[in-house]
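Written out below as structure tokens is the structure these notes cover.
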Amino acid sequence: MEIYLYIALFAPLAGSLFSALFGASPKTSVTGIVASGLLFISFVSSAILLNYVMMGHTVHVEMMTWIAAGDLYIPFGFVVDQVSVVMMMVVSVVSTVVHIYSVGYMDHDKGFNRFFSYLSAFVFSMMVLVMSDNFLGLFIGWEGVGLCSWLLIGFWYHKESATWAANEAFIMNRIADLAMLIGIFIVYWNIGSLQYDVVFSQIANLPMPIITWIGIFLFIGAMGKSAQFPLHTWLADAMEGPTPVSALIHAATMVTAGVYLVVRANPIYSLIPEVGTVIASLGAFVAMFAATMALVNRDMKRIIAYSTLSQLGYMFVAAGLGAYWVALFHLMAHAFFKALLFLGAGNVMHAMHDELDPFKMGGLKKPMKWTWILMTLASVALAGIYPLAGFFSKDLILEVAFVEQHYVLYTVLLLTAGLTAFYSFRLVALIFNGDERHLEHGIHPHEAYNFMLYAMAPLGLLAVIAGMVFKTPYYEMVTHLLPALEYHIHNHTTFWIMTIGTQLFVIAAIAYAYKKYAKAVKVDKKVESGFFYQLLYNQYYIPKLYDELFSKPYRELSRIAWKQIDLKIVDATVDGIANVIYRTGEKTHTMQNGNLSSMLRWMVIGLVVLLVLAVAFTVGYNAVTMRAM
Amino acid sequence: MEITLAHYLVLSGVLFSIGLIGVMRRKNLLMLFFATEILLNATNIGFAAIAHYHGDLTGQMFAFFVIAIAASEVAVGLGLLIVWYKRTGKIDLDIMTSMRG
Amino acid sequence: MFEAIAFYLFAALTIAMFTITVMTSQALYALTAMAAGMIFISAFFFILGADFLGVIQIIVYTGAVMALYAFGMMFFDTTRTVVEKRDNPRVIFILGVLAATLVVFILVSPIISTHIEANYPINAAMGNSETIGLILFTKFLVPFEIAAVMLLVAMIAGIVLAGKKMDKSLTLMAEEEIALMSATQAKPETEEGAH
């Protein structure tokens, strides 16, 4: 079984290195095909491992010693257990689909080979992240995905907005990673090991404040990666990257790494329910907060990004309330339908020549039938309509909140579910229904390549069946490792009222969205100039606030450092040295007049100077030795 | 009145300085050679004196080799001087400025 | 006492001779004073018991080197007073005096006179020439041979350099011929300088 582990782990790396070989040369389709093929192999290996794990085994290997210094011993260890295998499946399925899709999507891009090199490197980093058996390996993967995310957001580096977004994402993640690193240090300081099994078996012996601090610091790390408030602004800006990147990294895999970390560290978080409550509250807040921003946004990809943010909030609610398996389940289901949604958006973008404003689209149902079907499926799944994936995972979170008697959280999440349905179908309605507004702009949309649609089909299938089919076997498998908590509302009447009520509420939201946006789009000036609309449209003015609070003072500080310190001190020093040397040369080059006589005179002057030095040193030396005696 | 090593060394130093003055002051190449001969001879006195006062022959050996060097220097230097004179008709130092920096 | 008289006498003579050498504007005077100075220096060698060195000094310097200079001077027009352009002679004298003072200070100060052991002690039983011969052909054989090779090389170099165009005698040639010859020879030089 170990061999499958290594294949699953290193196949993406091989793909990345292979593509990197052609990185500087113009497009060669072979890189995309090879990278996709290797990822498919990785997927098959993951599937075999899943089968193996389902039978109740786990695989744990230690590839080689990594750090051995004093008491510190950290191997390159990998573990495939019930949790990591789920992540592996999610990562390999979505990344395989996205790779195949990208072959079509990036068809006309100059950086085709480079793109696949980065994308496969990302998958490798993600695999390291989820498969590592210790915190440091996880951290390496964590940084690796951060790096690849930076590379891919800034993939079109000639666009200033793209590089800006890439740097923003990278810097925000660094802030969070620092906290995470501190958390890891505290773990090592108190336990003396970073292996999961050692840490989790000994964590209960530590004093309560230390566990709390570990939990808090690790969660701050998770907040950065999963773009939770207040570190959320980078995710929406990260949409500057190519759409397959958004689908893979900023919807399905990397941003869920934070959730994975909390799920993985569940023995720590079970000990500190207060922190869990905070996490859940923050999650609920972000769910609502992001959903409201998505309501009014006019950028297709940003709407989906906010929806991702909102769903991550849901996952954190589940994880914070101790329902780790529910969080992981929603992570999986969400990965499928959100990636599908993004890929559909990618098709639309291609058809619309990179137009992102859904108000300039409309009536695409006819030319892009399959994209319409897939995106509608994904949106239905996202809204949580029975029997699609979202129903099983998202409504489960609502039930968790209800059963745990966090009624405020429940209400917030319920409202958010309605908002989710509304903005999802607002988007779908605007894009696919109504007048063909795009014709004014002289755009004639066309459907994407067939193979791209075929590549998306598995995700569509998964979005439909993931909840229904996978729930039971998944539950049986992961509860070997995660706390097996069943969330049932014991009163049958309450259960049915809740379920049907939620469904009706969501359907009503969908219907309202269709009614409002499916036909002609009426721009209501009064609403748009209203306070709330402006507040939401400007993302609660948080980016502006950050700009005022951090960026501008920092820029001012840098400017001062540049003008005052760099130019006046550092540069002046360097220039001064150069000037002194230059002037000395200017003054003394007359010495080299080629006249032997004057050269001899200089020689004698040098001799006299040396003699003076000799006398001075001798006298000084004698004086010192005399005193010493 | 005892003549000590210091007397000889001082004499050597004085002669050396005379040589230095000559080296600096002469613009005629031939005269410059004379001055260098003075320099070499001044050191020779010093060597011989040290050899005498320390009872060690190394000083004399050095003086011996210095004379050999002086002889070869004269041979080569004079040869170059003659070539130079044949080409330019002058042996003035001030016209030798082809190595101007 | 005799030694002291001899030392001061010869010291005065040597300094005088060398001063003339350095100061005179007549090449012939300089040469003669130089030769005299060399011979006076050999007197110091005799006083110091370095008989062999003294003899060498007379033979090599006054015999060979001075003769070489004398021959060399036949190429040049030595009857003419050498006109030398002098610029700030004061600097030269200050430097010379300063150097002298410093050297004297260093030599007189007692740092070098201590801690010296004789590697090759002077054997009183043997004569100076004998001892020198012994050491020169044992301990200093390699330097001696190198010096010999160097002298040979110098001799060849001297002959080659000075001996070119020996067939043309400047003294027997007419003035015009010399001017023509030096003009043709000076030509490539000026061309070179033009680069």
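The values are calculated or read from the model by the stated rules, or taken from the named source; none is laboratory data. Given the structure is predicted, the values throughout are model-derived calculations rather than measurements. For neighbour counting, all protein chains shown are included, and Cβ atoms are generated from backbone atoms with ideal geometry for every residue, glycine included. Accessible surface areas use protein heavy atoms only, side chains included; no ligands, DNA or RNA. Shrake-Rupley method; radii C 1.70, N 1.55, O 1.52, S 1.80 Å.
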Legend entry - Test result for B:R87, at pLDDT below 85 and part of a helix (DSSP H, G or I): yes
Inset, instruction - Considering only segment A:589-624, state which residues are open to solvent by 60 Å² or more (accessible area, probe 1.4 Å), of a type in the set (V, I, T) and within 11 Å of chain B (Cβ to nearest Cβ). - result: A:T590
Inset, instruction - With the checklist (1) on the phi > 0 side of the Ramachandran plot; (2) surrounded by 18 or more Cβ atoms within 10 Å (Cβ to Cβ) in hand, flag the one item A:G56 doesn't pass. - result: (2)
Legend entry - Residue identified as under 19 Å from the mean Cα position of the chain (by Cα), surrounded by 24 or more Cβ atoms within 10 Å (Cβ to Cβ) and not in a helix (DSSP H, G or I) among A:A222, A:A227, A:A319: A:A227
Legend entry - Qualifying positions in segment B:1-45 - open to solvent by 10 Å² or more (accessible area, probe 1.4 Å) and more than 7 Å from every other protein chain (Cβ to nearest Cβ): B:E2, B:T4, B:S12, B:L29, B:L32, B:F33, B:T36, B:L39, B:L40, B:T43
Inset, instruction - State yes or no: is A:S125 under 25 Å from A:L178 (Cβ atoms) and under 23 Å from the mean Cα position of the chain (by Cα)? - result: yes
Legend entry - Complete set of residues in segment A:525-553 that are open to solvent by 100 Å² or more (accessible area, probe 1.4 Å) and either farther than 27 Å from A:F285 by Cβ or touching a residue at least 60 places away in the same chain (Cβ under 8 Å) (or both): A:K525, A:K526
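Per-residue answers, yes or no, for (1) touching a residue at least 60 places away in the same chain (Cβ under 8 Å); (2) open to solvent by less than 10 Å² (accessible area, probe 1.4 Å); (3) assigned to a helix (DSSP H, G or I); (4) closer than 16 Å to A:K394 by Cα:
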{"position": "A:V278", "(1), (2), (3), (4)": "no, no, yes, no"}
{"position": "A:G283", "(1), (2), (3), (4)": "no, yes, yes, yes"}
{"position": "A:A287", "(1), (2), (3), (4)": "yes, yes, yes, yes"}
{"position": "A:A294", "(1), (2), (3), (4)": "yes, yes, yes, no"}
{"position": "A:K301", "(1), (2), (3), (4)": "yes, yes, yes, no"}
{"position": "A:S307", "(1), (2), (3), (4)": "yes, yes, yes, yes"}
{"position": "A:L312", "(1), (2), (3), (4)": "yes, yes, yes, yes"}
Legend entry - Residue check for C:A36: at pLDDT 90 or above, surrounded by fewer than 15 Cβ atoms within 10 Å (Cβ to Cβ) and not in a loop (DSSP other than H, G, I, E, B): no
Inset, instruction - Give segment B:62-79 a look and list any residue that's more than 7 Å from chain C (Cβ to nearest Cβ) and surrounded by 20 or more Cβ atoms within 10 Å (Cβ to Cβ), or say none. - result: B:G77
Legend entry - Failed condition for A:V580, given (1) among the hydrophobic types (A, V, I, L, M, F, W, C); (2) within 14 Å of another protein chain (Cβ to nearest Cβ); (3) open to solvent by less than 100 Å² (accessible area, probe 1.4 Å): (2)
Inset, instruction - Give me a count of the residues in segment A:56-91 that are among the polar types (S, T, N, Q), out of contact with any helix residue (DSSP H, G or I) (no Cβ under 8 Å at 6 or more places or on another chain) and in contact (Cβ under 8 Å) with a residue 60 or more places away in the chain. - result: 0
Inset, instruction - Please go through segment A:381-411 and pick out each residue that is open to solvent by 10 Å² or more (accessible area, probe 1.4 Å) and either hydroxyl-bearing (S, T, Y) or modelled with pLDDT of 90 or more (or both). - result: A:Y386, A:Y407, A:Y410, A:T411
Legend entry - Hits in segment A:412-448 (condition: at pLDDT 85 or above, open to solvent by 20 Å² or more (accessible area, probe 1.4 Å) and closer than 30 Å to A:L356 by Cβ): A:V412, A:L415, A:L419, A:F422
Legend entry - Top-ranked residue of segment B:49-61 - restricted to ones that are facing chain C (nearest Cβ under 7 Å) and small (G, A, S), ranked as nearest to C:M38 (Cα to Cα): B:A49
Legend entry - Test result for C:L9, in a helix (DSSP H, G or I), more than 7 Å from chain B (Cβ to nearest Cβ), open to solvent by 10 Å² or more (accessible area, probe 1.4 Å) and over 24 Å from B:L5 (Cβ atoms): no
Inset, instruction - Output yes when any residue across segment B:87-100 is on the phi < 0 side of the Ramachandran plot, open to solvent by less than 20 Å² (accessible area, probe 1.4 Å) and more than 14 Å from chain A (Cβ to nearest Cβ), and no when none is. - result: no
Inset, instruction - Could you identify the single residue in A:V83, A:V79 that is open to solvent by 10 Å² or more (accessible area, probe 1.4 Å) and either modelled with pLDDT under 90 or outside any helix (DSSP H, G or I) (or both)? - result: A:V79
Legend entry - Search result, residues across segment C:41-51 that are outside any loop (DSSP other than H, G, I, E, B) and either in contact with a Lys or Arg (Cβ under 8 Å, 6 or more places away or on another chain) or open to solvent by less than 60 Å² (accessible area, probe 1.4 Å) (or both): C:I41, C:S42, C:A43, C:F44, C:F45, C:I47
Legend entry - For C:F75: the one exception among (1) facing chain B (nearest Cβ under 9 Å); (2) in a helix (DSSP H, G or I); (3) open to solvent by 10 Å² or more (accessible area, probe 1.4 Å): (2)
Inset, instruction - Give A:L341, A:L356 a once-over and let me know the one that is among the hydrophobic types (A, V, I, L, M, F, W, C) and over 25 Å from A:A222 (Cβ atoms). - result: A:L356
